[in-house]
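Here's the structure, in structure tokens; my notes come after.
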Amino acid sequence: MKVDKDTIQYIARLAKLEFTEEEAARFAGEFEKILDHFENIDKEDLTGLDEVPESGAETVLRRDEVKPFDNRQELFRNTKQMRDGFLAIPKVLE
Amino acid sequence: MDTGRKDNAIKEAEKMTISDIQRGYRSKSFSVKEIVRKFLDRIGELDGTIGAFLTVCTDKALREAEELDERMGRGDDVGPLAGIPVAIKDNICTRGIKTTCASRILEDFIPPYDATAVKKLKDAGAILIGKTNMDEFAMGSSTETSAFQTTCNPWDTSRVPGGSSGGSAAAVAAGFVPLAVGSDTGGSIRQPSAFCGAVGLKPTYGSVSRYGLIAFASSLDQIGPITANVKDCALSFQILRGQDPRDPTSVAAGSETDTETDLMKDLEIGVRGLKIGLPKECFQQGLDPEIAESVQASARLYEKLGAKVGEVSLPVLESGLSVYYIISSAEASSNLARYDGIRYGYRSENFHDIDELMLHTRSEGFGREAKRRIMLGTYVLSSGYYDAYYKKAMLLRRKIRGIFREAFQEYDLLLLPTSPTLPFGIGEKRNDPLGMYLADIYTVTMNIAGIPALSLPCGFSRSGLPIGLQLAGNHFAEDKLFRAAFSLERELGISGRKPVIKGVEQYA
Amino acid sequence: MPDLFETVIGLEIHAELNTKSKIFCSCSTKFGDKPNENTCPVCMELPGTLPVLNEETVRLAIRAGKALHCHINRINKFDRKNYFYPDLPKAYQISQFDLPVCTGGYIDIETGQEDGERQIRRIGITRIHLEEDAGKLIHLEGESVTLVDYNRTGVPLVEIVTEPDMRSPEEAVAFLKTLKSILEYTEVSDCRMDQGSLRCDVNISVRRAGQKEFGTKVEIKNLNSFREIQKALEKEEKRQRELYRFGEEDKIIQETRKWDSGKGRTVTMRSKEDAHDYRYFPEPDLPPVILDSRTVRRIEDEIPELPEQKKERFLREYGLSQYETDILAGTKALADYFEEVVGFGIRPGEAANWILGELLRIRKDAENEGIPVKSRYLADLIKMIGEGRISRNTGKEVFDEMAAVGKAPEDIIREKGLSQISNTEEVKKIIRDVLSRNTDAVQDFKQGNTKVIGFLMGQVMKASRGKANPNTARNILEDMLKA
């Protein structure tokens, strides 16, 4: 499966990652090898199989009750900046 | 009691099993604080060489040990793992203690809550000694992708301990703790256990809560114990398992048995009548001949012990690997999208707007393997490719489950190697990602099918490196796994062996 | 003249469900609490956390589906919708892609009258699905930071998508009003557009009359009231029709526009570089929701009376006019209030008068702002007027006072000394006094000018400062004059 640099850059944008031209080229090469290997799944017979969830799986639900978290001070200890209870993050342009 | 005898009692703490330690507490041969101190000292002396720990909780552990001594002195009920030192893989959240997944992007992350598994260990009285090294975000089979340090195999420090739970396996092998907890997505408990001569269990998917396990691949991840022997492993698993209302995938998917069996009860009844199948595809090319020989020898031992051993066809290996990498990368690409420097963790210093902040943080904070998996996962989920890869992989997953189901109609357990290779040299596979992926060939299919599997030391190579074999069972058949593993362990008689760690090794 | 073009409108509505806790964790959903007050590791989406589905969200979604005549999917699952935005902490939203809770429903709306017959159009509903809300970003002018509040993250939503069956902005608003009414009635959502618990994006296109294919559609976002929705649709409809009229319809491009209420028109949204590839895949952390038919039936039985049924019942039981019914039964709040007042023994017509007259006079937006007079108090007031303790005019004053200070009518009348004077002796005294001061008028009457009674009544009411019971006064006055 041929993978070119442009595809890599498009995927990178979707994944919010940045690569130099040479990194992208190297990725493209690695991808090709890996995707070629994946082609062995095409040899498999998939007739009769479908994606509908198996009904053996149980539904696990929660009651509609309010239970506040008990350790609120520590909840924000990893935040770099707070202001009046809000998280203050670098400006987001609308 | 004179100090000489006490010193003797804890002289070789590193060789003590959980039962040994508990016996010592009961007979007052030593205190919890003394044991914890001994283990901490050993870590202090030798972990510079091994590199198993990212964080050691010296003060906290000693404080907890003291408290526990007081409570035991009062005769309080203290729990089935009371005073047992435990190491926890650094992708499992520990409240107030740094949890990094061995990644720069979480280098200073301190969780405000404990994982359910951690809570269960604490409630059972275990003492948290520290957090262990791993492959970044559990992606890898050698612990080499850790952003912080390399861990060495205690049996040969020029070689890898396996991965991704390499730190945990090395900690047990080096005698730093009798119990370490790891996680297994495609073999990450079993393979390092095999490389380090330890016993490691990947439980049935859903039997141990994932709440607090920082997710790699949600439908494959499981937390499990790594110990020096089978009995300790069974005891620890019993503590860790259980349905958790905070994890909707825990014991939700069709549990075959409603009542939880007491694993310790039938541990020693032997394997007479047990049907063990050897998947013939596992003994074809690519497998190191020494490993093949060792596993076959164990199969013969099982026959001697009264099990019925036969051959079975399990045509899942090649495609299983592809299914694993497609599904795990896809889920990982989504699970790792939240790391962007905005709310916690590493933040790039170089950005003009929030978009750049996210972009640069992720590009700088993630290592190469993590990026590779994220990219692969994004690719197979992207429109245009979803049907060709992800959808097919999901269908194939069903098929693989069906193949195992059929195999378990004929056999109680499957016996196969854990790893196709012996522990390889540090740096040897760094530039061969595909080669690294192929090393998982015997382990990934159990995660895909959700079935339990255990790695047990079954011998040593001529160069003295540990060899492990794998036992796999049907959903919730851990009792059979432990039974069979215990029998073989007893028969082989090698579980007491410990590596001599080059460097500073002191005997009192 | 027949219309050469046809307007085609479809809506995408998000309604916040009326649950106490969030969809995947036990934090409160209460609106207006302090920022980040209602958060926990799960809705902050910290590493290692997992979602656990709130059973009430499923119940409410099914209730909504049943009330909107949808088919309920017995097996439904969740999917991840992946995209990056700072209000979405885990960079994916848990939603439903291919197996939503409900599919294929409808609402009938009134599109006007023709020959005295109400015209009904059926608007199709394509699907209803469950999803979680994101946090709130607060943009600050001239600052280098944006503030984030995660209280709203994880609040449960249903997304309701309609078929493109509406043919005018009026129909779109009529649909929304009916939908709001149904969702309020079934207590699925409190549908407050002003609080964001009801949001609506619109899609509008135009095509030549009779043409089967749809024209290029334009999406409009950021509409915060029914009025804005109508205005935005009207403007966009006009824009598109003009282009069609001049044969320039290819100038219409498929885009998303934002309603700018300040400018009173739509503006192009700054387009993101890539069209969103959401990479939907099944949510591995949540097992599928599998419903048995008994559960669905039970939920259906729980559905309270729907607006249509209530209107029909009001007409029947209370003998109200269509107009009165439409308003009283239009919102649950008013309907309940009306029935409470009637329940205290007040004649339906009388209750209707007071509610439609006085209540809606002082509170045009009673549904949202709350009804300021307790139903019991209004009932008491009406009774007091009936008993003659105060006049109707005084009653209106008392009503206003009740609305302002919330006191019982008894207390207000007592404090302000507003009781009507019904005591015969007292009234006689006042009348004698008036007659003695207006001897000319009395003479007029005696000479056959009966109209002068009106003038004298006025004087009596003035002398009693409006407190004389008019009926009593009139009778006594007439008696005295005749004597």
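The values are calculated or read from the model by the stated rules, or taken from the named source; none is laboratory data. Given the structure is predicted, the values throughout are model-derived calculations rather than measurements. Here the Cβ positions follow ideal geometry from the backbone for every residue, glycine too, while neighbour counts run over all protein chains shown.
B:Leu201 meets the conditions (1) touching a Leu at 6+ places or on another chain (Cβ under 6 Å); (2) assigned to a loop (DSSP other than H, G, I, E, B) in every case but one. The failed one is (2).
If you go through the range C:33-57 and keep only what is closer than 16 Å to C:Leu157 by Cβ and either within 7 Å of chain A (Cβ to nearest Cβ) or charged (D, E, K, R) (or both), you end up with C:Leu53, C:Asn54, C:Glu56. Being out of contact with any strand residue (DSSP E or B) (no Cβ under 9 Å at 6 or more places or on another chain) and not charged (D, E, K, R) is the filter here; which residues of the range B:114-141 pass it? Selection gives B:Ala124, B:Gly125, B:Phe137, B:Met139, B:Gly140, B:Ser141. Every listed requirement among (1) more than 9 Å from chain B (Cβ to nearest Cβ); (2) modelled with pLDDT of 90 or more; (3) farther than 23 Å from B:Gly435 by Cα is met by A:Arg62 save one, (1).
To keep it simple, each residue is scored yes or no on (1) farther than 15 Å from A:Ile34 by Cβ; (2) at the interface with chain A (Cβ under 7 Å from one of its Cβ atoms).
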| residue | (1), (2) |
| --- | --- |
| B:Met358 | yes, yes |
| B:Glu369 | no, no |
| B:Lys399 | yes, yes |
| B:Ala407 | yes, no |
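Within the range B:205-219, the residues that satisfy the criterion of being within 14 Å of another protein chain (Cβ to nearest Cβ) and not hydrophobic (A, V, I, L, M, F, W, C) are B:Tyr205, B:Gly206, B:Ser209, B:Arg210, B:Tyr211, B:Gly212, B:Ser218, B:Ser219.
Residue-level analysis places B:Gly277 outside the set of residues that are surrounded by 19 or more Cβ atoms within 10 Å (Cβ to Cβ), small (Gly, Ala, Ser), within 14 Å of another protein chain (Cβ to nearest Cβ) and in contact (Cβ under 8 Å) with a residue 12 or more places away in the chain.
Of all residues being assigned to a helix (DSSP H, G or I) and more than 9 Å from chain A (Cβ to nearest Cβ) in the range B:385-396, which is surrounded by the most Cβ atoms within 10 Å (Cβ to Cβ)? Just the residue, please.
At the first step, the residues of the range B:385-396 found to be assigned to a helix (DSSP H, G or I) are B:387-396.
Those still in the list that are more than 9 Å from chain A (Cβ to nearest Cβ) too: B:387, B:390.
Values: B:Asp387: 9, B:Tyr390: 23.
Across the range B:385-396, the extreme among qualifying residues is B:Tyr390.
Which residue out of C:Leu99, C:Leu68, C:Leu60, C:Leu53 is touching a residue at least 40 places away in the same chain (Cβ under 8 Å) and closer than 27 Å to A:Asn71 by Cα? Lay out the reasoning, then the answer.
Working: C:Leu99 fails: closer than 27 Å to A:Asn71 by Cα; C:Leu68 fails: closer than 27 Å to A:Asn71 by Cα; C:Leu60 fails: closer than 27 Å to A:Asn71 by Cα.
So the residue among C:Leu99, C:Leu68, C:Leu60, C:Leu53 that is touching a residue at least 40 places away in the same chain (Cβ under 8 Å) and closer than 27 Å to A:Asn71 by Cα is C:Leu53.
Regarding B:Leu278, is this residue more than 22 Å from the chain's Cα centre (by Cα) and not in a helix (DSSP H, G or I)? Write out each step before concluding.
Working: more than 22 Å from the chain's Cα centre (by Cα): yes; not in a helix (DSSP H, G or I): yes.
Judged against the criteria, B:Leu278 is a match.
One line per residue, one yes/no per condition, for (1) facing another protein chain (nearest Cβ under 8 Å); (2) under 22 Å from the mean Cα position of the chain (by Cα); (3) assigned to a helix (DSSP H, G or I):
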{"residue": "A:Lys2", "(1), (2), (3)": "no, no, no"}
{"residue": "A:Ala12", "(1), (2), (3)": "yes, yes, yes"}
{"residue": "A:Leu17", "(1), (2), (3)": "yes, yes, no"}
{"residue": "A:Glu22", "(1), (2), (3)": "no, no, yes"}
{"residue": "A:Ala28", "(1), (2), (3)": "no, yes, yes"}
{"residue": "A:Phe31", "(1), (2), (3)": "yes, yes, yes"}
{"residue": "A:Ile41", "(1), (2), (3)": "yes, no, yes"}
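In this structure, C:Gly357 does not qualify as on the phi > 0 side of the Ramachandran plot and either in the same structural domain as C:Ala232 (by TED's automatic domain parsing) or surrounded by fewer than 13 Cβ atoms within 10 Å (Cβ to Cβ) (or both). Scanning the range B:333-356 for residues that are in a helix (DSSP H, G or I) and more than 8 Å from every other protein chain (Cβ to nearest Cβ) turns up B:Asn335, B:Leu336, B:Asp355, B:Glu356.
When each of B:Gly175, B:Gly182, B:Gly206, B:Gly224 is tested for being part of a loop (DSSP other than H, G, I, E, B) and under 19 Å from B:Leu456 (Cα atoms), the lone residue that passes is B:Gly175. Within the range B:414-421, is even one residue part of a loop (DSSP other than H, G, I, E, B), surrounded by fewer than 22 Cβ atoms within 10 Å (Cβ to Cβ), away from chain A (no Cβ under 14 Å) and touching a residue at least 12 places away in the same chain (Cβ under 8 Å)? The answer is yes; a qualifying residue exists.
Do we have any residue at all in the range B:429-444 that's in contact (Cβ under 8 Å) with a residue 60 or more places away in the chain, among the aromatic types (Phe, Trp, Tyr) and surrounded by fewer than 22 Cβ atoms within 10 Å (Cβ to Cβ)? Give the derivation first.
In the first step, residues of the range B:429-444 are kept if they are in contact (Cβ under 8 Å) with a residue 60 or more places away in the chain; the result is B:429-430, B:433, B:436-444.
With the extra rule that they be among the aromatic types (Phe, Trp, Tyr), the set shrinks to B:437, B:442.
Subsequent filtering for residues that are surrounded by fewer than 22 Cβ atoms within 10 Å (Cβ to Cβ) retains B:437.
Looking through the range B:429-444, at least one residue is in contact (Cβ under 8 Å) with a residue 60 or more places away in the chain, among the aromatic types (Phe, Trp, Tyr) and surrounded by fewer than 22 Cβ atoms within 10 Å (Cβ to Cβ).
For the range C:154-165, the condition holds for no residue, the condition being that it is in contact with a Ser or Thr (Cβ under 9 Å, 6 or more places away or on another chain), free of Cβ contacts under 8 Å to residues at least 24 places away in the same chain and within 14 Å of chain A (Cβ to nearest Cβ).
Every residue, every condition in (1) in contact with a helix residue (DSSP H, G or I) (Cβ under 8 Å, 6 or more places away or on another chain); (2) in contact (Cβ under 8 Å) with a residue 40 or more places away in the chain; (3) aromatic (Phe, Trp, Tyr), yes or no:
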| position | (1), (2), (3) |
| --- | --- |
| B:Met134 | yes, yes, no |
| B:Gln149 | no, yes, no |
| B:Asn153 | yes, yes, no |
| B:Tyr205 | yes, yes, yes |
| B:Ile214 | yes, yes, no |
| B:Asp221 | yes, yes, no |
| B:Leu235 | yes, yes, no |
| B:Leu240 | yes, yes, no |
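Among residues of the range C:332-352 that are closer than 22 Å to C:Glu387 by Cβ and without any contact (Cβ under 8 Å) to a residue 24 or more places away in the chain, none has a beta-carbon under 6 Å from a residue that is of a type outside the set (A, V, I, L, M, F, W, C) and crowded, with 21+ Cβ neighbours inside 10 Å at least six positions away or on a different chain.
Yes/no per residue for (1) assigned by TED's automatic domain parsing to the domain that holds C:Tyr106; (2) assigned to a strand (DSSP E or B); (3) among the small types (Gly, Ala, Ser):
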site: C:Gly142; (1), (2), (3): yes, no, yes
site: C:Gly210; (1), (2), (3): yes, no, yes
site: C:Asn222; (1), (2), (3): yes, yes, no
site: C:Ala232; (1), (2), (3): yes, no, yes
site: C:Lys235; (1), (2), (3): yes, no, no
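Quick check on C:Ala468: is it surrounded by 13 or more Cβ atoms within 10 Å (Cβ to Cβ) and under 30 Å from C:Val373 (Cα atoms)? It is true that C:Ala468 is surrounded by 13 or more Cβ atoms within 10 Å (Cβ to Cβ) and under 30 Å from C:Val373 (Cα atoms). Within the range C:9-32, if we keep just the residues that are part of a strand (DSSP E or B) and facing another protein chain (nearest Cβ under 8 Å), the residue that is nearest to C:Ile125 (Cα to Cα) turns out to be C:Ser21.
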